[in-house]
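Novice: Have a look at this one.
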Amino acid sequence: MSETREFLTAFLRRPTTMGAVAPSSERLATVLASVVPTAGSPVVVELGPGTGAVSAVIAERLPPGARHLAVELDADLVAYLRRTRPELEVVHGDARELGKVLVEQGVDRVDAVICGLPWALFDDATQAEILAEISRAIGTTGAFTTFAYLHGMALGAARRFRSTLRGVFEEVLVSATVWRNVPPAFVYVCRRPRA
Ligand SMILES: C[S@@+](CC[C@H](N)C(=O)[O-])C[C@H]1O[C@@H](n2cnc3c(N)ncnc32)[C@H](O)[C@@H]1O
């Protein structure tokens, strides 16, 4: 099955955890992956990899010896990723339990968290819970990127999420709009969780 068809099938199966009908474009994935270190032996964690559109771009940047973990909730997508992207360390798990996942995988340092989670589908408490896990994972030296759809900014929930990010991280940068994505989107680049 093609990647787009696999994604759409997953959306029809679980619309409330997918939050999108198509995978991210290569252009959006490139902006999301811009914080991935290209030297040394970095550890990168992807949350909600879906069919792996962003994973592919991350993998292209990573130097030999890096670790690339991908934490996905949907069992069918986990099976798809294991079949199509054997280089990826795919974990069938929940972003809400990121700390536990990292301990189980023997990871004690994370350089970047690249996140494709459907924030708009999460309530405030779940957003806060996952952001706390991400903050603990990246510490003071790592970076975290995630995306939002442009049309969502007309809604209060998306504006609230932006202000939540600014409450959690000292630095929150907003990328230019990526028009070559369906629908158009932009990326948040976050660093230095507040104490
Ligand atoms: C909008 S899709 C993004 C897929 C991919 N990153 C992309 O950009 O094409 C959201 C993904 O997050 C996954 N997901 C949703 N809630 C999750 C959670 N709590 N933990 C891990 N993955 C989750 C969904 O199963 C889905 O694969």
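The values are calculated or read from the model by the stated rules, or taken from the named source; none is laboratory data. This is a predicted model, so every value here is computed, not measured. All Cβ positions, glycine included, derive from the backbone under ideal geometry; neighbour counts span all protein chains shown. Heads up: the accessible areas ignore ligands, DNA and RNA and are worked out on the full protein's heavy atoms, side chains in. Shrake-Rupley method; radii C 1.70, N 1.55, O 1.52, S 1.80 Å.
Novice: Is one or more of the residues making up the stretch 68-77 in contact with a Pro (Cβ under 6 Å, 6 or more places away or on another chain), without any contact (Cβ under 8 Å) to a residue 40 or more places away in the chain, within 22 Å of F144 (Cα to Cα) and not in a helix (DSSP H, G or I)?
Specialist: Within the stretch 68-77, one or more residues are in contact with a Pro (Cβ under 6 Å, 6 or more places away or on another chain), without any contact (Cβ under 8 Å) to a residue 40 or more places away in the chain, within 22 Å of F144 (Cα to Cα) and not in a helix (DSSP H, G or I).
Novice: Name the residue that is surrounded by the fewest Cβ atoms within 10 Å (Cβ to Cβ), counting only residues in the stretch 1-54 that are polar (S, T, N, Q) and modelled with pLDDT of 95 or more.
Specialist: T38
Novice: Sticking with this one: Considering only the stretch 151-174, how many residues are surrounded by 12 or more Cβ atoms within 10 Å (Cβ to Cβ) and within 15 Å of the ligand (Cβ to nearest atom)?
Specialist: Here the count works out to 3.
Novice: On to the next question. If you go through the stretch 169-182 one residue at a time, do you hit one that is at pLDDT below 95 and farther than 19 Å from V35 by Cβ?
Specialist: yes
Novice: All but one of (1) open to solvent by less than 50 Å² (accessible area, probe 1.4 Å); (2) more than 15 Å from the chain's Cα centre (by Cα); (3) not basic (K, R) hold for I130; which doesn't?
Specialist: Looking at each condition in turn, I130 falls short on (2).
Novice: In the stretch 73-80, is there at least one residue being at pLDDT below 95 and surrounded by fewer than 18 Cβ atoms within 10 Å (Cβ to Cβ)? Explain how you work it out, then say what you get.
Specialist: If we filter the stretch 73-80 for residues that are at pLDDT below 95, which is where we start, we get none.
No: zero hits.
Novice: Among the numbered conditions (1) in contact (Cβ under 8 Å) with a residue 40 or more places away in the chain; (2) touching a Ser or Thr at 6+ places or on another chain (Cβ under 6 Å); (3) near the ligand (Cβ under 8 Å from one of its atoms), tell me where P23 comes up short.
Specialist: Of (1) in contact (Cβ under 8 Å) with a residue 40 or more places away in the chain; (2) touching a Ser or Thr at 6+ places or on another chain (Cβ under 6 Å); (3) near the ligand (Cβ under 8 Å from one of its atoms), only one is false for P23: (1).
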